[in-house]
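The values are calculated or read from the model by the stated rules, or taken from the named source; none is laboratory data. What you see is a predicted model, and the numbers here were worked out from it, not measured in a lab. All Cβ positions, even for glycine, are placed from backbone atoms using ideal geometry, and neighbour counts span all protein chains on display.
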């Protein structure tokens with residue numbers, strides 16, 4: 001279940017309904033021991049809220065392959081950012097949500113927190129479902145290139161809005177950008193913090209590459225040239241270190257254009273291949 005994204009929430013039981021209205025801390029204490037899922041939606045009076053509990057801690061083995069690729073390509077921006085899981089991930093996500101909210105960005109509000117979980121608001125404002133950008137992109141692609149590029153540009157602008165505040169996201173994939181009821185793009189999923197491993201420029205470059213990675217196959221099927229114009233236009237205000245690192249990444253990733261085609265190699269392989277081809281086209285000089 002996606003964090004901060006509305007779906008059918010579970011009704012509160014009698015114990016939870018007995019909590020005083022607005023007493024989010026009591027709701028968290030009451031519901032957390034009884035919730036089986038890592039993330040689940042609940043009704044609290046007229047509100048829809050989300051409770052996230054600490055999951056198992058993550059091992060470091062899963063980052064070794066990505067670290068090897070980063071070293072081979074000599075690309076610091078691909079250095080794996082550990083997601084510790086467990087209670088440490090709860091602390092990280094709650095902290096990052098507060099940080100982004102303080103900067104005026106649209107993220108779920110942390111309503112209550114304890115060591116093994118926290119409660120957050122719903123970006124749908126308890127009234128409607130909020131679509132993730134991936135769903136909107138896939139729908140727009142069926143309409144035509146113009147419709148697709150309009151939605152794709154919204155994602156670019158949303159990332160640029162974060163960077164203009166001297167901040168960064170975490171996993172800036174299309175599945176982690178959502179459209180709120182008033183049309184503003186919101187942000188979800190902050191279990192890791194790239195800033196603990198990388199500098200600001202590298203973190204921001206990771207955002208751009210993450211977004212491109214998640215959308216590259218749709219971009220290539222739509223209008224790569226027009227998409228490239230949007231890509232460069234939005235980054236016109238990016239810092240020189242960010243622009244230099246993106247161009248450097250494009251050069252280093254060029255050989256990834258020759259990764260094998262075919263579904264049997266996995267969708268991620270195809271996304272990497274498509275991303276490398278787009279970057280090669282947009283940074284050919």
Identify the residue in the range 30-39 that is surrounded by 17 or more Cβ atoms within 10 Å (Cβ to Cβ) and touching a helix residue (DSSP H, G or I) at 6+ places or on another chain (Cβ under 9 Å) and, among all such residues, is nearest to residue 121 (Cα to Cα). 31
Conditions: (1) free of Cβ contacts under 8 Å to residues at least 40 places away in the same chain; (2) closer than 22 Å to residue 95 by Cα; (3) assigned to a loop (DSSP other than H, G, I, E, B). Residue 203 meets all but one. Number of the miss? (3)
The range 224-266 - residue that is assigned to a loop (DSSP other than H, G, I, E, B) and at pLDDT 90 or above and, of those, surrounded by the fewest Cβ atoms within 10 Å (Cβ to Cβ): 239
Residue 151 fails exactly one of the following numbered conditions: (1) more than 24 Å from residue 51 (Cβ to Cβ); (2) surrounded by fewer than 18 Cβ atoms within 10 Å (Cβ to Cβ); (3) free of Cβ contacts under 8 Å to residues at least 40 places away in the same chain. What is the number of that condition? (2)
Going residue by residue through the range 46-69, is there one that turns out to be modelled with pLDDT of 90 or more and either assigned by TED's automatic domain parsing to the domain that holds residue 185 or farther than 20 Å from residue 188 by Cα (or both)? no
Within the range 93-137, take every residue that is assigned to a helix (DSSP H, G or I) and in contact with a helix residue (DSSP H, G or I) (Cβ under 8 Å, 6 or more places away or on another chain) and give me the one that is farthest from residue 36 (Cα to Cα). 137
Across the range 154-173, which residue is farthest from residue 235 (Cα to Cα) among those that are modelled with pLDDT of 95 or more and touching a strand residue (DSSP E or B) at 6+ places or on another chain (Cβ under 9 Å)? 169
Can you find a residue that is over 15 Å from the mean Cα position of the chain (by Cα) and under 21 Å from residue 94 (Cα atoms) anywhere in the range 211-218? no
